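Working notes, structure below.
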Amino acid sequence: MDPDDFGPTSHSFVSQRLRLHYNDWGNAGARPLLLQHGGRDHSRSWDWVARALRRDWHVIAPDLRGHGDSAWSPDGSYAMPAYVYDLAQLIHQQQLAPVTIVAHSLGAMISLRYAGIYPETVRKLVAIEGTGLMTPEQVALRSAPTAERWRTWIRERRQLSGRSPRRYASIEEALARMQAENRYLSDEQARHLTIHGVSRNEDGTYSWKFDNYIRSVPPLDLSAEELHALWSSITCPVLLFHGQDSWASDPLKNGDAARFRDARVVSFEHAGHWLHHDQTARFLETLKDFL
């Protein structure tokens, strides 16, 4: 049987007392390529990309804390410093540097910060919708008085404490929710993402494999000036992807692209926030050219 017919092997590492999961697609002698998913997603969402690159790269796809098959934070805390530390630990423990990173959304936000902190460890970086991710409500909240930001965060946490994971009676019911979230997904893509994105409860129902507490945005973060300073510290080539039908803003139009030393933007028509799913063939072609 062709080795490419096999899926990844499952592994784990420890970061801040949490056991975190990652998938390894083999070819350990090749250059390391790390695929980092976004919020409320999971590592198997990269399967199409991993299969296309595994012959030339040692592909590793981790699950963020609170996502997929990684442990949930006991106190429900998912602050950005914890995510960045987890990424730093994986790269350090597995001796991946210099590493190439392809990351989406929350994963791209984490990876961009890491690359600014440790520029010498990143060979190339692809950020899919990793900038311009704040909604108008979040932008307004960031400029709100400190006490208001903290009150909003405490109120959100209290609400989440009484919220139970949604239960779906069947895979088909969860699949329908997945398809409603992204109209560009093929039936095969949606089913794959759903099967790997849910776990079965004791009563036979299904729930998504992420902690609801990840929805709560901490009241403290880097200022815009501090974040831009990190972006400008990245020394490797950066490729920024943007979906024209996405809710995220265009890094060319909002000025984010200009914050980097060496960055270019590729914008896809007929693609939303998950453009690597919406336009997989074109994404892979552009990605391979960059890598």
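The values are calculated or read from the model by the stated rules, or taken from the named source; none is laboratory data. The structure presented is a predicted model; accordingly, all values stated were derived computationally and were not measured. All Cβ positions, glycine included, derive from the backbone under ideal geometry; neighbour counts span all protein chains shown.
The set of residues from region 178-214 being surrounded by 15 or more Cβ atoms within 10 Å (Cβ to Cβ), of a type outside the set (A, V, I, L, M, F, W, C) and outside any loop (DSSP other than H, G, I, E, B) comprises Q179, Q189, R191, H192, T194, H196, G197, Y206, S207, N212, Y213.
If we scan region 149-159, do we find a residue that is touching a helix residue (DSSP H, G or I) at 6+ places or on another chain (Cβ under 8 Å), under 30 Å from A258 (Cα atoms) and surrounded by 12 or more Cβ atoms within 10 Å (Cβ to Cβ)? Yes, the conditions are met somewhere in region 149-159.
The residues of region 160-173 that are surrounded by 12 or more Cβ atoms within 10 Å (Cβ to Cβ) and under 18 Å from G39 (Cβ atoms), listed by number, are L160, P165, R166.
Tell me, which residue of region 1-34 that is of a type in the set (D, E, K, R) and out of contact with any helix residue (DSSP H, G or I) (no Cβ under 7 Å at 6 or more places or on another chain) is surrounded by the most Cβ atoms within 10 Å (Cβ to Cβ)? Per the stated criteria, the residue is D24. A search for C-beta distances below 8 Å between a residue of region 92-114 that is free of Cβ contacts under 8 Å to residues at least 24 places away in the same chain and any residue that is crowded, with 24+ Cβ neighbours inside 10 Å and not in a loop (DSSP other than H, G, I, E, B), counting only pairs 6+ apart in sequence or on different chains, returns nothing. If only residues of region 264-283 that are of a type in the set (G, A, S) and assigned to a loop (DSSP other than H, G, I, E, B) are counted, the one that is surrounded by the most Cβ atoms within 10 Å (Cβ to Cβ) is A271.
Among the residues of region 39-58, just one is of a type in the set (S, T, N, Q) and either touching a residue at least 60 places away in the same chain (Cβ under 8 Å) or within 14 Å of Q94 (Cα to Cα) (or both), namely S45.
Given the criteria part of a loop (DSSP other than H, G, I, E, B) and either touching a residue at least 40 places away in the same chain (Cβ under 8 Å) or surrounded by 18 or more Cβ atoms within 10 Å (Cβ to Cβ) (or both), does D221 qualify? Spelling it out, D221 is indeed part of a loop (DSSP other than H, G, I, E, B) and either touching a residue at least 40 places away in the same chain (Cβ under 8 Å) or surrounded by 18 or more Cβ atoms within 10 Å (Cβ to Cβ) (or both). Take the conditions (1) within 17 Å of the chain's Cα centre (by Cα); (2) at pLDDT below 95; R183 misses just one of them, which is (1).
The set of residues in region 129-146 that are modelled with pLDDT of 95 or more and out of contact with any helix residue (DSSP H, G or I) (no Cβ under 6 Å at 6 or more places or on another chain) contains only E129. Residues of region 238-257 include at least one that is surrounded by fewer than 20 Cβ atoms within 10 Å (Cβ to Cβ) and outside any loop (DSSP other than H, G, I, E, B).
Of the numbered criteria (1) more than 21 Å from V49 (Cβ to Cβ); (2) in a loop (DSSP other than H, G, I, E, B), the one E156 fails is (2).
Counting only residues that are of a type in the set (S, T, Y) and at pLDDT 95 or above, region 247-281 holds 2 of them. State yes or no: is A61 crowded, with 18+ Cβ neighbours inside 10 Å, under 27 Å from S199 (Cβ atoms) and out of contact with any Phe, Trp or Tyr (no Cβ under 9 Å at 6 or more places or on another chain)? Against the criterion (crowded, with 18+ Cβ neighbours inside 10 Å, under 27 Å from S199 (Cβ atoms) and out of contact with any Phe, Trp or Tyr (no Cβ under 9 Å at 6 or more places or on another chain)), A61 does not qualify.
For region 135-148, the set of residues classified as loosely packed, with under 10 Cβ neighbours inside 10 Å and acidic (D, E) consists of E137 only. Of the residues screened, R261 is one that is in a loop (DSSP other than H, G, I, E, B) and either surrounded by fewer than 21 Cβ atoms within 10 Å (Cβ to Cβ) or under 20 Å from the mean Cα position of the chain (by Cα) (or both). Set side by side, the residues R167, R158, R163 differ, and just one is touching a strand residue (DSSP E or B) at 6+ places or on another chain (Cβ under 7 Å) and under 23 Å from D75 (Cα atoms), which is R167. Are there any pairs with C-beta distances below 7 angstrom linking a residue in region 22-38 that is among the charged types (D, E, K, R) to a residue that is in a loop (DSSP other than H, G, I, E, B), with the two at least 6 apart or on different chains, and if so which? Close Cβ pairs satisfying both conditions: D24/P8.
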